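**Student:** Structure in structure tokens, see below.
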Amino acid sequence: MAPMTRSRAINNIPNELMAAYYSSRAEAGLIITEGVAPSPDGLGYARIPGLFNEAQAKAWKQVTDAVHANGGKIVVQLMHTGRIAHPLNLPDEGIVKGVSAVAAANTQMHTDQEGMQPLPVPKELSTDEIAAVIAEFVKSGTYAIEAGFDGVELHGANGYLLDQFLNSASNHRTDKYGGSPENRNHFVLEVATAVANTVGKDKTGIRLSPYGAFNDMRPDEHTEHQYKQLAAELKEVGIAYIHTVDHASLGAPVVPDTVKEGIREAFGGTIILSGGYNAARAEAELEAGKGELVAFGRPFISNPDLVKRIALGAELAQPDFGTFYTPGEKGYIDYPILDKQLQAN
């Protein structure tokens with residue numbers, strides 16, 4: 001099950017509703033959570049969960065226990081939103097920070113207080129602040145293990161903080177973290193190394209979106225080379241997997257096969273594929289050796305029993321897009337499961 005923001009964490013704390021949501025989808029085998037902030041500055045969206053204090057870790061424990069009780073495994077996706085944040089969505093101590101003082105001018109964000117709002121120019125992270133952010137990821141990883149998670153996925157995709165360092169559209173730095181593709185990879189590698197050394201290399205993965213366009217990102221002439229080099233260096237770090245996402249089905253540029261193949265060859269380890277998959281396409285790409293796992297996203301929203309439906313060739317329930325990010329049970333834990341008689345047949 002792919003990571004999907006659902007905005008049900010009132011006061012940024014996981015709750016019983018979230019435990020019910022995730023545990024009912026445990027047949028996925030491996031669940032990757034929605035994006036979870038490793039610091040107050042990373043809580044860019046309304047009602048997203050955090051994992052940077054004891055109260056949050058304790059609350060997440062009820063979620064991981066529920067998933068494990070139903071036979072699943074669950075990995076937390078650590079997502080620092082960086083410049084993709086609005087002050088109204090942050091706690092009092094939170095500050096909108098980014099790799100450079102460059103706003104995502106074409107992106108707006110919902111706030112519960114004032115509706116859709118443009119994003120502000122972020123405060124550029126100083127070198128000392130970068131070290132502090134890495135420490136926040138490490139501390140959050142420690143809380144993840146305390147909370148019973150089976151691993152940690154670093155969100156290096158979709159225009160959030162790690163991706164902001166990778167991408168020339170957002171990274172205008174001239175220090176060791178900017179300029180060349182090699183320098184732009186530097187922060188991601190430092191975070192991956194620090195987290196892997198804390199929680200275990202076999203419990204650390206990363207999500208990447210080469211050619212992603214979400215949140216004002218754009219590829220450049222160095223993208224293919226940059227991601228192959230990043231994959232090779234992540235191999236040296238020794239993490240468990242790379243989770244590549246191709247959002248062409250949502251209007252982003254198609255990720256060329258040479259890029260996907262280059263990442264796979266350079267990394268040499270487990271690859272999770274995601275982005276608009278159905279059962280037939282997933283099976284074909286696994287058979288072709290393009291990856292070891294396929295992550296399904298939106299189909300799991302409206303089909304908690306997606307695994308059974310795929311196995312039976314049953315029709316999939318369609319999601320209610322209007323409740324993707326709204327608080328409460330509606331469109332979250334009220335989708336029906338297959339009739340027991342149909343399952344028995």
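Yes or no, residue by residue, for (1) within 19 Å of Thr33 (Cα to Cα); (2) of a type in the set (Val, Ile, Thr):
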| position | (1), (2) |
| --- | --- |
| Asp163 | yes, no |
| His186 | no, no |
| Thr193 | no, yes |
| Lys235 | no, no |
| Ile242 | yes, yes |
| Ser249 | no, no |
| Glu261 | no, no |
| Arg264 | no, no |
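**Student:** Working only within segment 23-33, note down all residues that are surrounded by fewer than 24 Cβ atoms within 10 Å (Cβ to Cβ) and either touching a Lys or Arg at 6+ places or on another chain (Cβ under 8 Å) or not in a loop (DSSP other than H, G, I, E, B) (or both).
**Tutor:** Ser23, Ala26, Glu27, Ala28, Gly29, Leu30, listed by residue number.
**Student:** Let me ask something else. State all residues of segment 67-102 that are small (Gly, Ala, Ser) and more than 21 Å from the chain's Cα centre (by Cα); if no residue qualifies, say none.
**Tutor:** Residues satisfying the conditions are Ala69, Gly71, Ser100, Ala101.
**Student:** Select from segment 195-213 the residues that are part of a helix (DSSP H, G or I) and of a type in the set (Lys, Arg) and write down the one among them that is surrounded by the most Cβ atoms within 10 Å (Cβ to Cβ).
**Tutor:** Lys203
**Student:** So if I check each of Ala192, Ala231, which one is closer than 30 Å to Ala147 by Cα, among the small types (Gly, Ala, Ser), assigned to a helix (DSSP H, G or I) and under 17 Å from the mean Cα position of the chain (by Cα)?
**Tutor:** Ala192
**Student:** Can you give me the ranges of the helices (runs of 4 or more DSSP H) entirely in segment 282-345 with at least 3 residues that are under 23 Å from the mean Cα position of the chain (by Cα)?
**Tutor:** 298-302
**Student:** Still on this model: So which residues in segment 298-319 are hydrophobic (A, V, I, L, M, F, W, C) and touching a residue at least 60 places away in the same chain (Cβ under 8 Å), if there are any at all?
**Tutor:** Within segment 298-319, Phe300, Ile301, Leu306, Val307 meet the criteria.
**Student:** Does Asn278 fit the bill of being polar (S, T, N, Q), under 16 Å from Met1 (Cβ atoms) and surrounded by fewer than 15 Cβ atoms within 10 Å (Cβ to Cβ)?
**Tutor:** For Asn278, the condition - polar (S, T, N, Q), under 16 Å from Met1 (Cβ atoms) and surrounded by fewer than 15 Cβ atoms within 10 Å (Cβ to Cβ) - is met.
**Student:** Please pick out the residue among Asp216, Asp257 that is surrounded by fewer than 22 Cβ atoms within 10 Å (Cβ to Cβ), among the acidic types (Asp, Glu) and at pLDDT below 95.
**Tutor:** It is Asp257.
**Student:** Same structure, new question: Would segment 290-297 turn up any residue that is surrounded by 14 or more Cβ atoms within 10 Å (Cβ to Cβ), in contact (Cβ under 8 Å) with a residue 12 or more places away in the chain, under 24 Å from Leu230 (Cα atoms) and in contact with a Phe, Trp or Tyr (Cβ under 7 Å, 6 or more places away or on another chain)?
**Tutor:** yes
**Student:** Continuing with this model, one more query. Being within 24 Å of Phe52 (Cα to Cα), touching a residue at least 24 places away in the same chain (Cβ under 8 Å) and of a type in the set (Asp, Glu) narrows it down to one of Asp92, Asp128, Asp112, Asp175, so name that one.
**Tutor:** Asp112
**Student:** Can you name the number of the only condition in (1) of a type outside the set (Gly, Ala, Ser); (2) within 23 Å of Gln56 (Cβ to Cβ); (3) out of contact with any Ser or Thr (no Cβ under 7 Å at 6 or more places or on another chain); (4) surrounded by fewer than 24 Cβ atoms within 10 Å (Cβ to Cβ) that Glu153 fails?
**Tutor:** Of (1) of a type outside the set (Gly, Ala, Ser); (2) within 23 Å of Gln56 (Cβ to Cβ); (3) out of contact with any Ser or Thr (no Cβ under 7 Å at 6 or more places or on another chain); (4) surrounded by fewer than 24 Cβ atoms within 10 Å (Cβ to Cβ), only one is false for Glu153: (4).
**Student:** Scan segment 117-124 and give yes if some residue there is within 21 Å of the chain's Cα centre (by Cα), among the charged types (D, E, K, R) and surrounded by 15 or more Cβ atoms within 10 Å (Cβ to Cβ), otherwise no.
**Tutor:** Within segment 117-124, none of the residues are within 21 Å of the chain's Cα centre (by Cα), among the charged types (D, E, K, R) and surrounded by 15 or more Cβ atoms within 10 Å (Cβ to Cβ).
**Student:** Residues Ala248, Ala266: which one is at pLDDT 95 or above, out of contact with any Pro (no Cβ under 6 Å at 6 or more places or on another chain) and not charged (D, E, K, R)?
**Tutor:** So the residue among Ala248, Ala266 that is at pLDDT 95 or above, out of contact with any Pro (no Cβ under 6 Å at 6 or more places or on another chain) and not charged (D, E, K, R) is Ala266.
The values are calculated or read from the model by the stated rules, or taken from the named source; none is laboratory data. All figures in this text were calculated on a predicted structure; none of them were measured in a lab. In this analysis, Cβ positions are derived from the backbone assuming ideal geometry, glycine residues included, and neighbour counts consider all displayed protein chains.
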